[in-house]
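Colleague: Before anything else, here's the structure in question.
The values are calculated or read from the model by the stated rules, or taken from the named source; none is laboratory data. The structure presented is a predicted model; accordingly, all values stated were derived computationally and were not measured. Note that we place each Cβ from the backbone using ideal geometry, even for glycine, and neighbour counts take in every protein chain shown.
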Amino acid sequence: MKLWQTKSSGKLHPFIEKFTVGPDLILDKYLLPFDCLASNVHAFMLQKKGYLKNGEFKKVKKILHEIYSKAITRQFELKNVEDSHSAIEGLLTKKLGELGGKIHLGRSRNDQSATTIHLFAKNELLQMREELLAVVGILQTLAKKWEKLPMPGYTHTRPAMVSTLGHYFAAFAETLSIDYLSVVAAYEAADRCPLGSAAGYGTSVAIDRKLTSKLLGFGEMQINTLSAQLGRGQVETTTLGSLMNVSLTLSRIANDIIYFSAPEFDFFNLSDKVATGSSIMPQKKNPDALEIIRAAAGMLIGSHTQAASILKGLPAGYQRDLQMLKQPFVQGVKLTKHCLQAFQIVLKNLEMNTKAIEHAASDTHLYAADLANELVLKKGLSFREAYRKVKEGYLKAGWRGVVSFDDIPNFDPKKQVAAKKSLGMPGNLQLEVGLKWLAEAQKKTNAEKKKFDETLKKIWHL
């Protein structure tokens, strides 16, 4: 029997029942542990307020912990129920009789679901922050190792100016550190407790929302109960938006590595640990992991768009449309985390073909702008006049020849890199700034994760 059914209720059509449940029972396995934690805190609050006796709370806690222990190892089966909430209350009622039905006093499945999503999001986003910072750390290590190795820089997929391999890796490290800020913002959005808002309009039963918020480790409480329901979907879209940013950056560097490891470039070599083969072409070494990371960005764009589209124009209060947020949300979170984990393995096993990179950096096209700058500095020409002079020289040489001026020394890639010494340029990467930021971000994330994990453990000692 459903939580909302009575003996006199009509029987729901089997197809409609299956249709409305959808994939929830598959997705709820990820949410069930947090549902148990929130239910235990709610039951403890009911005991504190006198709605449950101390002995009754202990019995409820025992069953909830049994469910939790199975849920965290994915051993608790969800079947013949609407959702994880129904499974929890159903098992409590089966083992404890009417006592099992007492814990729903003062709450709705709406705030129960919202609280579960918030806790799940906090847990996943803290893990995401760890994985993201690990990627940033690897990129910074690579940047330091190859800080002075000349490498072509490209615009419009054509050789543009000389750079360094260190400059390249440092660029993506910094870009991901900016993406990290949006992940932190998503965490802060999830760090607000909606429990006790019921279906959005509160309850006539006196409850202690501050107590449950504190025990669950939330930084703040979502005060307005209707806002707590309007927040259904806000955490999902904010989280997916931040992960979409991360995935977009990952897709760009993944695409670069795919091309730079191709025979035509031969800058990088993909280890056998991360490359796959062909079933028909023996010579093939395929960058499948990177291609999946590249494709994942499209999946995250789709997940975010799905979630936003579901929310668009919904009236205040709960609507069953919100159930459809669960699939893009859970899948988007898991996909991004897996991409970050896979990308770490790819980067750690990436081999550099320094000879090919340095040879490409000797292409005279890369120094056209530098030649123009030299004419300005040594001949006193305006930049536009110098630009025209260099361009005419290149055109005369058919864009393939060596352009030289008698009064300008030969251009050496390493010297030209070193000449670019203004802040953040290839000759002055300021890598220590990124390392300092990383250390501070890791310290803060580790502290928040430790506090969150300890808070969850304490819930079973109430």
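Colleague: Counting only residues that are surrounded by 14 or more Cβ atoms within 10 Å (Cβ to Cβ) and hydrophobic (A, V, I, L, M, F, W, C), which one in the range 271-294 is modelled with the lowest pLDDT?
Modeller: Ranking the qualifying residues of the range 271-294, first place goes to 275.
Colleague: Restricting attention to the range 45-65, report how many residues are among the aromatic types (Phe, Trp, Tyr) and surrounded by fewer than 21 Cβ atoms within 10 Å (Cβ to Cβ).
Modeller: Number of matching residues: 1.
Colleague: From (1) closer than 18 Å to residue 34 by Cα; (2) part of a helix (DSSP H, G or I); (3) touching a His at 6+ places or on another chain (Cβ under 7 Å), pick out the condition that doesn't hold for residue 244.
Modeller: (1)
Colleague: Let me ask you something else. Can you name the condition, by its number, that residue 122 falls short on among (1) over 16 Å from the mean Cα position of the chain (by Cα); (2) in contact (Cβ under 8 Å) with a residue 24 or more places away in the chain; (3) in a helix (DSSP H, G or I); (4) under 19 Å from residue 196 (Cβ atoms)?
Modeller: (1)
Colleague: If we scan the range 192-212, do we find a residue that is at pLDDT 95 or above, basic (Lys, Arg) and either touching a Cys at 6+ places or on another chain (Cβ under 7 Å) or outside any helix (DSSP H, G or I) (or both)?
Modeller: Scanning the range 192-212 turns up at least one residue that is at pLDDT 95 or above, basic (Lys, Arg) and either touching a Cys at 6+ places or on another chain (Cβ under 7 Å) or outside any helix (DSSP H, G or I) (or both).
Colleague: hydroxyl-bearing (Ser, Thr, Tyr), at pLDDT below 90 and assigned to a helix (DSSP H, G or I) - does that describe any residue in the range 73-83?
Modeller: Looking for residues that are hydroxyl-bearing (Ser, Thr, Tyr), at pLDDT below 90 and assigned to a helix (DSSP H, G or I), one finds none in the range 73-83, hence no.
Colleague: Against the condition within 22 Å of residue 238 (Cα to Cα) and buried (at least 20 other Cβ atoms within 10 Å of the Cβ), how does residue 170 come out, does it pass?
Modeller: Answer is no for this residue.
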